[in-house]
1. Quick check on my filter: what residues within the stretch 132-151 are touching a Phe, Trp or Tyr at 6+ places or on another chain (Cβ under 9 Å) and either at pLDDT 95 or above or open to solvent by 10 Å² or more (accessible area, probe 1.4 Å) (or both)?
2. Yes or no: Thr176 part of a helix (DSSP H, G or I) and without any contact (Cβ under 8 Å) to a residue 24 or more places away in the chain?
3. Could you list all residues from the stretch 195-242 that are in a loop (DSSP other than H, G, I, E, B) and of a type in the set (Lys, Arg)?
4. Quick one: in the stretch 264-278, of everything that is open to solvent by less than 50 Å² (accessible area, probe 1.4 Å) and in a loop (DSSP other than H, G, I, E, B), which residue is modelled with the highest pLDDT?
5. Take the residues in the stretch 205-245 that are among the acidic types (Asp, Glu) and surrounded by fewer than 18 Cβ atoms within 10 Å (Cβ to Cβ); name whichever of them is farthest from Asn102 (Cα to Cα).
6. Which members of the stretch 322-340 meet the condition of being surrounded by fewer than 14 Cβ atoms within 10 Å (Cβ to Cβ) and either closer than 20 Å to Glu36 by Cα or small (Gly, Ala, Ser) (or both)?
Amino acid sequence: MKRVVTRKLTPGMVLANDVYTYDSYIKLLDKGMVLEDKDIARLAFYSIIDVLVEDDPVEVVEPNIPTASGLSYSERLKESKEFKEFRADFEECASRFEHAINDLINNDSNFNLDNMMSPIYGLLKKGRTATNIFDMLHNLRMYDDATYTHCINVALITNILGQWLKWDDEELEIATQAGLFHDIGKLMIPDTIITKPGKLTSDEYSIVQTHPQRGYEILRPINISTHVKNAALMHHERCDGTGYPLKIKGPQIDRFAKAVAIADVYDAMTSARHYRGPMCPFIAISMFEDEGLHKYDAEIIMVFLQNIVNTYLLNTVRLNTGEIGEIIFINKTHLSRPTIKVGEDYIDLSKCPGVYIQEII
């Protein structure tokens, strides 16, 4: 057997022991389970750093299913002028953000908040809808996200979530800044820890958990909203008190931090890895729906889930059974389990245990 960090797990790996949450209150997965994407997402959801797996994985054969044109939706999107323009704008934004953040960390007088935010708002304009932006993000991230690109993703998602919550323009500005700055403290954690391929020691894990406080300290002297500073400090807090670093509960957590927490986890679970494309959004939605309602603000998480699933209505999907169909109806009581039209048949996933959406194609 061998120990593998969660971010390097692949479908087909076999667990060598039972997996529990760090407080040992909840058993997550059983020994001998053959991992699927949804299982890996669950481990990420609970911030499990690594697990023991057997030396020999089970081969997982993914069917290659072309569209009528011979190209998948993702492939056709990447060839579009709209996507190429978004990618160029995003890469320019990431470059400018990296330089600006370094100026901020180094107390450089050249730091200018308006100049930093301008390209972020540029990505949100040009007639782009929430559906357009989520489409672009899921197809743009074909590599491990660096902290800089992750922060931009979270800024965009938090802005859209704020729109869905009907926040006013000032609140949307704060939400976008909160998303952009939330992980700045990670840049103060040594790369040897952040990129370590093996199991983190207890001391190393404790260092990782200092990044919210470090981010807050960087932002504290800056002339920026207190909500933005709180989001850096509180984005790993959970409404049930299981988060860190303060272990505070719902009423004590800044509402902007609550929104950023959802955007942060959603982006982390749907980000690409070197061994696979972005994880299916419906797997992430399922995690929130099944296990996140007590961890996140009830109003904010429900608004997020109800709106995010609607962006995928009429999309073509592949089920874990290999069947291909179209999402035609969202089940409001089971948001991650819509009704799919497969040929002339209709499959209500809310009534089909064990069947789920594995990929949007």
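1. Applying the first criterion (touching a Phe, Trp or Tyr at 6+ places or on another chain (Cβ under 9 Å)) to the stretch 132-151 yields 132-137, 139-140, 148-149, 151.
If the condition is that a residue be touching a Phe, Trp or Tyr at 6+ places or on another chain (Cβ under 9 Å) and either at pLDDT 95 or above or open to solvent by 10 Å² or more (accessible area, probe 1.4 Å) (or both), then Asn132, Asp135, Asn139, Leu140, Tyr148, Thr149 are the ones that fit.
2. On the way: part of a helix (DSSP H, G or I): yes; without any contact (Cβ under 8 Å) to a residue 24 or more places away in the chain: no.
Here the answer is no, as Thr176 does not meet what is asked.
3. Going residue by residue through the stretch 195-242, those that are in a loop (DSSP other than H, G, I, E, B) are 195-201, 209-210, 220-225, 235-242.
The answer is Lys196, Lys199, Arg220, Arg238.
4. Per the stated criteria, the residue is Ser271.
5. Residues of the stretch 205-245 among the acidic types (Asp, Glu): 217, 237, 240.
From what's left, surrounded by fewer than 18 Cβ atoms within 10 Å (Cβ to Cβ): 217, 240.
Working: Glu217: 15, Asp240: 35 Å.
Looking at the filtered set, the residue picked out is Asp240.
6. Once the filter is applied, which keeps residues that are surrounded by fewer than 14 Cβ atoms within 10 Å (Cβ to Cβ) and either closer than 20 Å to Glu36 by Cα or small (Gly, Ala, Ser) (or both), the stretch 322-340 yields only Gly322.
Residue by residue, here is whether (1) open to solvent by less than 70 Å² (accessible area, probe 1.4 Å); (2) at pLDDT below 85 holds:
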site	(1), (2)
Val5	yes, yes
Lys8	no, yes
Tyr25	no, yes
Asp30	no, no
Val34	yes, no
Leu43	yes, yes
Ile49	yes, yes
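The values are calculated or read from the model by the stated rules, or taken from the named source; none is laboratory data. In this text the structure is predicted, and so the values were computed from the model without any measurement. A quick note on method: Cβ atoms are made from the backbone with ideal geometry, for glycine too, and the neighbour counts reach across all protein chains shown. Remember, those area values only see protein heavy atoms, side chains included, never the ligands or the DNA or RNA. Shrake-Rupley method; radii C 1.70, N 1.55, O 1.52, S 1.80 Å.
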